[in-house]
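In what follows, a structure is listed as structure tokens, so that the remarks can point back to it.
The values are calculated or read from the model by the stated rules, or taken from the named source; none is laboratory data. This structure is a prediction, so every number in the text was calculated from the model and none was measured. When we count neighbours, we look across all protein chains shown, and the Cβ atoms used for this are built from the backbone with ideal geometry, even at glycine.
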Amino acid sequence: MRSPAVSVDVFVCGSPDRGDDGAAVRAAEAVRPGLPPDVRLRTVGQLDVEDLLAVPADAGVVIVDVATGLVPGTVVDLPLADLAERGGVRPHSSHSLAVSGVVALAELLGGRPLRGRVIALGGQAFGFGDVLSAPVAAAVPRLGAAIGEAIERVRAGHHAVPGGAPCA
């Protein structure tokens, strides 16, 4: 007998007025209308420990952000547990702690591991304004698709994509 799918909290990081940093927000808004009712999508700008501590114990997490350390326009899907190991991938959204540190602190304070994934899009330009660089603008639809795929993986309990697989 198959276990029921878990609900999912999606945290979208970024700032629409900082170039490529707004790509995650754009992709999330495009997929929002088609999300199941048990998926809660929140644009948080900057991920905070309190965001993760508020996730119910039986729910999963998807964190979406634009990152440096990736080829611009590349979309990567990583299990939360692998984030600390991928030191070259740095979510950009002016986090006071690295996302891996926020996740680790939430797990420590919450007394439980978090189930979930991080979807990162390689960014290039983070200046003022809402214009995306060409490779990032071209990748926004792929990022939206990756959000949907990550939600389904987390809902189904599948968290491992060996090596943080690039998304097609």
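Determine if the range 59-75 includes at least one residue that is closer than 16 Å to Leu143 by Cα, more than 16 Å from the chain's Cα centre (by Cα), aliphatic (A, V, I, L, M) and assigned to a loop (DSSP other than H, G, I, E, B).
yes
Being within 20 Å of Val154 (Cβ to Cβ), touching a residue at least 60 places away in the same chain (Cβ under 8 Å), of a type outside the set (Val, Ile, Thr) and out of contact with any His (no Cβ under 9 Å at 6 or more places or on another chain): is that true of Leu41 here?
Numbers: within 20 Å of Val154 (Cβ to Cβ): yes; touching a residue at least 60 places away in the same chain (Cβ under 8 Å): no; of a type outside the set (Val, Ile, Thr): yes; out of contact with any His (no Cβ under 9 Å at 6 or more places or on another chain): yes.
Against the criterion (within 20 Å of Val154 (Cβ to Cβ), touching a residue at least 60 places away in the same chain (Cβ under 8 Å), of a type outside the set (Val, Ile, Thr) and out of contact with any His (no Cβ under 9 Å at 6 or more places or on another chain)), Leu41 does not qualify.
Being at negative phi, in contact with a helix residue (DSSP H, G or I) (Cβ under 9 Å, 6 or more places away or on another chain), assigned to a loop (DSSP other than H, G, I, E, B) and surrounded by fewer than 17 Cβ atoms within 10 Å (Cβ to Cβ): is that true of Pro36 here? Walk me through how you get there before you give the answer.
On the way: at negative phi: yes; in contact with a helix residue (DSSP H, G or I) (Cβ under 9 Å, 6 or more places away or on another chain): yes; assigned to a loop (DSSP other than H, G, I, E, B): yes; surrounded by fewer than 17 Cβ atoms within 10 Å (Cβ to Cβ): yes.
Yes: the conditions hold for Pro36.
Quick check, is Ala160 at pLDDT 85 or above and surrounded by fewer than 23 Cβ atoms within 10 Å (Cβ to Cβ)? Spell out how you get there, then give the answer.
Working: at pLDDT 85 or above: no; surrounded by fewer than 23 Cβ atoms within 10 Å (Cβ to Cβ): yes.
So Ala160 fails the test.
So Leu97 fits all but one of (1) of a type outside the set (Ser, Thr, Tyr); (2) closer than 25 Å to Asp17 by Cα; (3) crowded, with 16+ Cβ neighbours inside 10 Å; (4) modelled with pLDDT under 65; what number is the exception?
Tallying (1) of a type outside the set (Ser, Thr, Tyr); (2) closer than 25 Å to Asp17 by Cα; (3) crowded, with 16+ Cβ neighbours inside 10 Å; (4) modelled with pLDDT under 65, Leu97 fails exactly one: (3).
How many of the residues making up the range 117-148 are at pLDDT 95 or above and of a type in the set (Asp, Glu)?
Qualifying residue count for the region: 0.
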